[in-house]
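The values are calculated or read from the model by the stated rules, or taken from the named source; none is laboratory data. Keep in mind that what you see is a predicted model, and the values were worked out from it rather than measured. A quick note on method: Cβ atoms are made from the backbone with ideal geometry, for glycine too, and the neighbour counts reach across all protein chains shown.
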């Protein structure tokens, strides 16, 4: 923009002189050239109130970019606007964000994230516009097909190639810290405290079995516990293991009480109260909306998937069982389940879901409008057909078992609700965008799922309430089994910790102004746990609050810096490599995460068994691929500039990096 | 008790007591008695500006949420421009002057002092025999809010504590997270341009200077409090210097506009000073 204006000024200024001098041709040759100006990069990140870590990464990068002569501008945007700008409109230079997997994930997650076949689609699929047809695309395809060592090799090469080409720079895997109190609910695990499995695995505390007043007497004991656990937790995850075992023992002691507390004893004591700084769950419950879903934990409680993965364990969920049929088929038998509106969940619904996620317009538009999330997963499924009333057959696109299981992890949608949303999205009757269907933009008010919780009410930007679904198979089958003692266990494959769950009757999520306020709410006993990220200002507070305790776990949601490779000079992998070496991951982990994160070079670092040793961070001080230019926090700007010069970039006499022609 | 309720009740208690003391000391018993006798008539006299203020406040309370959405979607995203303009000024303020005592002082001024600063002049000017000044004050308040709301919608910017948390601590909310519940009820906590705290404080300060002959004691107090609130907005990491400058400009504009509007209704110009 600025370039255009300055050129116009130049033309206006020289126009008359040039005419009178009579050397129009030469003037045109000079004035017709774009004058180079300083490179401007806009870094998009959510504000500190919403995500205390991302903005710190953005500031770090911006400072170092300024030091090497790039005009870096930080643009703070609300989470929804940020996602819309980056994922939907692709109208960005650089963004700082988290990957959308809450837990460590299979390498195939990179398929949707980086495969070039998705460059034209909106959503989580390849937001970078990254294309490496002979390298990354090939490797992504072969890791889908290969098994065993062949797959391992392909995945290792994939990581090396992504490391070299840097469509995005992995910064660190944050510890999913959460402040919890245990006077009402316990069994907070140190693995995935806030995953679907973590929330369903919660147990009512002994004290909470009575009434709310019991809390005060109980809290004396909790305080001692809380203090020791806190210090143990901050030392590292190794101690966390003990914590989990403790929790399981308590669970064993509680099982007998469970049927009593499960029943009708409503009221305040059975409400699980969570606090978050992320208001999106109070506004939108669309499981496929890319702008509104963080990890999709709560929509996963609303919408069952065929399979649930909890702590690496694959649990048959809405599917009672499945088997491979022939080369490419999976035959799935469904559990008996109902939608929240009372309609039965049918195999038609499942077949519809896979068809629908591939094209939310169901063939009514010129070109398909695919789902903005889960795109990589559904791309592994060629077709889905209902065989009979309990069996669905998925035909897979020549993929291995692990990818097949990933394809089972998409929210199953009720056909009778979503088939009405296949039309073009309109505002007041006008079509706004031929590439968008109602399904993609709907807020999905009063969501009808089949999951263990039902939607109750919400007041946007303030709070949302869900309730236990008494008709869910976890509950219904658990009760039925006891009385009838039938032949086949309808809960086959479901671990004991989930049977008869959830332990809460009501789940309330309240929006807080900042992470500090969220921790305070837990400390004051107004909430049981924090859901959103905690920053370096709030973590130390947890230790000071007597009844609050810090639990953590393993996260798949790595922080990364994403580049829009559609735009020069971000289109140049050499340039991106220099940007990557401007990020001091080790220092960021200490400063922005207070040490509660692991710096990483590979997006798969949460599953070290997939990472080749040359990409493992381990005890290294610097990144194995693109080490930071400088020493612990202070940038060596001159060396960084030399690298840019070597890559073909130029500077003016003031040291400003000149923007190459776009 | 919810944090909002406890903050509000403590606010009512403290500001109520301060108003009582200040009324006796500054307004004086004579005028207070006169005010009590004449309260209904005076309120009736200022009904039009008062109604305007109420309308603006209600519109702000109802429309703020949707205007915020409009602002996020279509407003000018100027966070980067403000930062480019003034750089690390607010970080410098915190780094240079930051101390636990000052934090406590500015936090209480920002919440308690501010409410007192806005409430007291209304009482004091209502106690004057002529209602011109109180009308102007109410009109100026309404203008501040109305113009402020428009600017909030046109410009969308986050404050320093949201943009550079590594350098600017969110002092108010870190030390008193319960205040966040309150300020969140009155204002969008994220959208900061211009600073309405500044503009309303400067408005009161300007009126205090203009009416120094009526309430000579109030002028230095108001000036002190207003200056403190203005500094607090930056010291606490909530506003940029740019917001403060814009807030000051808005205040001066609103005061001068209020003089024009109220005088236009046929009041005599030198009412304010000549009463003694």
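Among the conditions (1) in a strand (DSSP E or B); (2) over 29 Å from the mean Cα position of the chain (by Cα); (3) touching a residue at least 24 places away in the same chain (Cβ under 8 Å), residue A:323 misses just one, which is (3).
When the range A:598-635 is limited to residues that are more than 24 Å from the chain's Cα centre (by Cα), more than 16 Å from residue A:161 (Cβ to Cβ) and surrounded by 15 or more Cβ atoms within 10 Å (Cβ to Cβ), the one that is nearest to the other protein chains (Cβ to nearest Cβ) turns out to be A:635.
Would you kindly identify the helices (runs of 4 or more DSSP H) lying entirely within the range A:537-597 that contain at least 1 residues that are over 28 Å from residue A:123 (Cα atoms), within 24 Å of the chain's Cα centre (by Cα) and modelled with pLDDT of 90 or more? Ranges flagged: A:585-592. For the structure I just gave you, tell me whether residue A:348 is touching a strand residue (DSSP E or B) at 6+ places or on another chain (Cβ under 9 Å), in contact (Cβ under 8 Å) with a residue 60 or more places away in the chain and either at negative phi or surrounded by 22 or more Cβ atoms within 10 Å (Cβ to Cβ) (or both). For residue A:348, the condition - touching a strand residue (DSSP E or B) at 6+ places or on another chain (Cβ under 9 Å), in contact (Cβ under 8 Å) with a residue 60 or more places away in the chain and either at negative phi or surrounded by 22 or more Cβ atoms within 10 Å (Cβ to Cβ) (or both) - is met.
Determine, yes or no, whether residue A:422 is surrounded by fewer than 22 Cβ atoms within 10 Å (Cβ to Cβ), in contact with a strand residue (DSSP E or B) (Cβ under 9 Å, 6 or more places away or on another chain) and under 14 Å from residue A:329 (Cβ atoms). Before the answer, list the steps.
Details: surrounded by fewer than 22 Cβ atoms within 10 Å (Cβ to Cβ): yes; in contact with a strand residue (DSSP E or B) (Cβ under 9 Å, 6 or more places away or on another chain): yes; under 14 Å from residue A:329 (Cβ atoms): no.
No.
Scoring residue A:341 on the criteria (1) crowded, with 23+ Cβ neighbours inside 10 Å; (2) in a loop (DSSP other than H, G, I, E, B) leaves a single failure, condition (1).
Return yes or no: is residue B:102 part of a helix (DSSP H, G or I) and farther than 28 Å from residue A:75 by Cα?
On the way: part of a helix (DSSP H, G or I): yes; farther than 28 Å from residue A:75 by Cα: yes.
Yes: the conditions hold for residue B:102.
The conditions of being within 28 Å of residue A:645 (Cα to Cα) and either touching a residue at least 24 places away in the same chain (Cβ under 8 Å) or outside the structural domain of residue A:533 (by TED's automatic domain parsing) (or both) are met by residue A:67. Selection over the range A:147-159 of residues that are in contact (Cβ under 8 Å) with a residue 24 or more places away in the chain and surrounded by 17 or more Cβ atoms within 10 Å (Cβ to Cβ) gives a count of 5. For residue A:510, the criteria (1) touching a strand residue (DSSP E or B) at 6+ places or on another chain (Cβ under 6 Å); (2) within 14 Å of chain B (Cβ to nearest Cβ); (3) closer than 30 Å to residue A:131 by Cα hold in every case but one, which is (3). Restricted to helices (runs of 4 or more DSSP H) entirely inside the range A:18-133, those with at least 1 residues that are within 14 Å of chain B (Cβ to nearest Cβ) and crowded, with 19+ Cβ neighbours inside 10 Å are A:54-67, A:79-83.
Restricted to the range B:57-92, and to residues there that are free of Cβ contacts under 8 Å to residues at least 12 places away in the same chain and over 19 Å from residue A:76 (Cβ atoms), the residue that is farthest from the other protein chains (Cβ to nearest Cβ) is B:58.
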